[in-house]
1. For the stretch 126-182, enumerate the residues that are in a loop (DSSP other than H, G, I, E, B) and of a type in the set (Gly, Ala, Ser).
2. What about SER67, is it assigned by TED's automatic domain parsing to the domain that holds ARG347 and modelled with pLDDT of 95 or more?
3. Determine whether CYS87 is buried (at least 17 other Cβ atoms within 10 Å of the Cβ) and of a type outside the set (Phe, Trp, Tyr).
4. Could we say that ILE95 is buried (at least 19 other Cβ atoms within 10 Å of the Cβ), out of contact with any Phe, Trp or Tyr (no Cβ under 7 Å at 6 or more places or on another chain), in a strand (DSSP E or B) and at pLDDT 95 or above here?
5. If I filter the stretch 162-178 down to residues being out of contact with any strand residue (DSSP E or B) (no Cβ under 9 Å at 6 or more places or on another chain) and exposed (fewer than 11 other Cβ atoms within 10 Å of the Cβ), which single residue comes out as farthest from SER350 (Cα to Cα)?
6. In the stretch 69-84, what residues are farther than 25 Å from GLU176 by Cβ and crowded, with 20+ Cβ neighbours inside 10 Å?
7. Scan the stretch 98-125 residue by residue and report those that are loosely packed, with under 13 Cβ neighbours inside 10 Å, part of a loop (DSSP other than H, G, I, E, B) and at negative phi.
8. Is there a residue in the stretch 35-52 that is part of a loop (DSSP other than H, G, I, E, B), under 27 Å from GLU158 (Cβ atoms) and either small (Gly, Ala, Ser) or touching a strand residue (DSSP E or B) at 6+ places or on another chain (Cβ under 7 Å) (or both)?
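The values are calculated or read from the model by the stated rules, or taken from the named source; none is laboratory data. On a predicted model such as this, the values are computed, not experimentally measured, just so you know. Heads up, the Cβs are rebuilt from the backbone with ideal geometry, glycines too, and the neighbour counts pull from every protein chain shown.
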Amino acid sequence: MPITTSTYQSRGLQTTPRLSDFKFHLPEKYIAQEPAPRRDSSRLLVVDRATGAFYDGKFPDIVKYLSPGDCLVINKTRVFPARLAGCKEKTEADIEVFLLRRLTGDLWEVLVKPARKVRTGNTIHIGEDMYCEVIDNTTSGGRVVRFHYEGDFNATVEKYGKPPLPPYIRREPRPEDTERYQTVYAQVTGAVAAPTAGLHFTQGLLDRVERSGVHIAPLVLHVGLGTFRPVQVEDLARHRMDSEYYEINSDSATLINNVIKQGKKIIAVGTSTTRTLETVANFDGGVKPASGWTDKFIYPPYQFKVVDKLLTNFHLPGSTLLMLVCAFADMELIMGAYRHAIKEKYRFYSYGDSMLIL
C-alpha cells in the first residue's frame, strides 16, 4: 500500500516530507566493508506492507515470496573500473581520475582528486599508452577531459582501472572486488556504481527462480555517481537528480506487460530498476520499450504505476535511495524496519544485507 498525500495530512505532517525526516543514526560498525562469504549467504529482512510485520531470514528465502507467473526485473548494467591512478605532467603530482560518463568520442566527464591541483590545459598520464588533457571545468566541480590511448579504450581502462567502491567502504579495492562488486548477470558496460540489490543473486539461485515459474526481465540503467551524492536542500522539491542512461527493449516490455495483464506481480530488483520502470510506465499501468536519460526523483508521496514488490539494500541516511523506499512503503514502517535491522545487527549499504518489501 503506497503512502499517499492523505496519509501525511492525517498525521499532521506536511504533504511532502523534508530532508531531515530521512535522517537516522547508524553505528559505523554496521557498514559492511567486505562482501558476504557467498553472495546468497547475506540476510534478508522481509517487510510486509499489509500487516506491518518483519521477518528475518536468509537471501535464498526470496523464492518463497515469488509466485509462478510473477516477473523479476533486473538491471544488467556492468560496472567498469572507473578509478584511474594518474600522474600530472611536469609536477608529477598523483592525481586520481574518476570516470563519470562519456560525452562524445573520447571526451569524458570525470572527477579529479585532489581537484585543486588540476586546471584546464593540464595533462595527466595514466600509463604508458594512455593520458588525458583537461579541456574544461563542469558546474558540479568535475572536469571535461579528452583521452589519448592506443588500441581499444575499454580494454585500456580495464587494464589500468580499479573498481569504483563507494566512499563509505574505507579501504582500497582488492582484486576480488572486480568480481564481487558486479552482479552475476552484468552485461552492458556503463555504470560507475553497482546496482547492489542484485549482488546477492547467484546463477544457481536465478535458475531456481526460473524453475519456480517466475519470469526474469532485464533492463539497463547505468548507475552514476549521483547515487551517492547527498541531498543538500531541506525542501526535496528543489533537489535535482543526475541524469542516467537507461534502456528497456521490446522483449522485456512485452514480457512485463503480459505479466501485468495476467494479474501477476512485478518485483523490481533495486532502486535503479524501479526508477527505470517508473520512467517508462504508460498511463494504463504497462511499460513501453524506450531508451534515453532519466533524472526521475521518487520521494513520498508517490503513486507507483508498475512495481508491486521491491528488493533493495539498506541505504544511507538522507539519501535519494532511502526516499524512494519510503515512497514505496509507509515512511514509519520503513524507519521501523531500519531500527529493527540495526537492533538485529544487519549489515548496511552496498556490501550489506537486503530487504524485500511485499
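1. The first filter runs over the stretch 126-182 and keeps only residues in a loop (DSSP other than H, G, I, E, B), leaving 128-129, 138-142, 150-152, 161, 163-176, 181-182.
Answer for the stretch 126-182, where residues must be in a loop (DSSP other than H, G, I, E, B) and of a type in the set (Gly, Ala, Ser): SER140, GLY141, GLY142, GLY151, GLY161.
2. Considered against the rule, which asks whether it is assigned by TED's automatic domain parsing to the domain that holds ARG347 and modelled with pLDDT of 95 or more, SER67 comes out as yes.
3. No; evaluated as a whole, the condition is false for this residue.
4. Working: buried (at least 19 other Cβ atoms within 10 Å of the Cβ): yes; out of contact with any Phe, Trp or Tyr (no Cβ under 7 Å at 6 or more places or on another chain): yes; in a strand (DSSP E or B): yes; at pLDDT 95 or above: yes.
Judged against the criteria, ILE95 is a match.
5. It comes out as PRO175.
6. As a first pass, look at the stretch 69-84 and keep what is farther than 25 Å from GLU176 by Cβ: 69-73.
Residues satisfying the conditions are ASP70, CYS71, LEU72, VAL73.
7. Taking the stretch 98-125 first, the residues loosely packed, with under 13 Cβ neighbours inside 10 Å are 104-105, 114, 116, 119-121.
Retained after the next criterion (residues that are part of a loop (DSSP other than H, G, I, E, B)): 105, 114, 119-121.
Within the stretch 98-125, PRO114, ARG119, THR120 meet the criteria.
8. Taking the stretch 35-52 first, the residues part of a loop (DSSP other than H, G, I, E, B) are 35-38, 42, 48-52.
Among the residues that remain, those that are also under 27 Å from GLU158 (Cβ atoms) are: 35-38.
With the extra rule that they be either small (Gly, Ala, Ser) or touching a strand residue (DSSP E or B) at 6+ places or on another chain (Cβ under 7 Å) (or both), the set shrinks to 36.
Looking through the stretch 35-52, at least one residue is part of a loop (DSSP other than H, G, I, E, B), under 27 Å from GLU158 (Cβ atoms) and either small (Gly, Ala, Ser) or touching a strand residue (DSSP E or B) at 6+ places or on another chain (Cβ under 7 Å) (or both).
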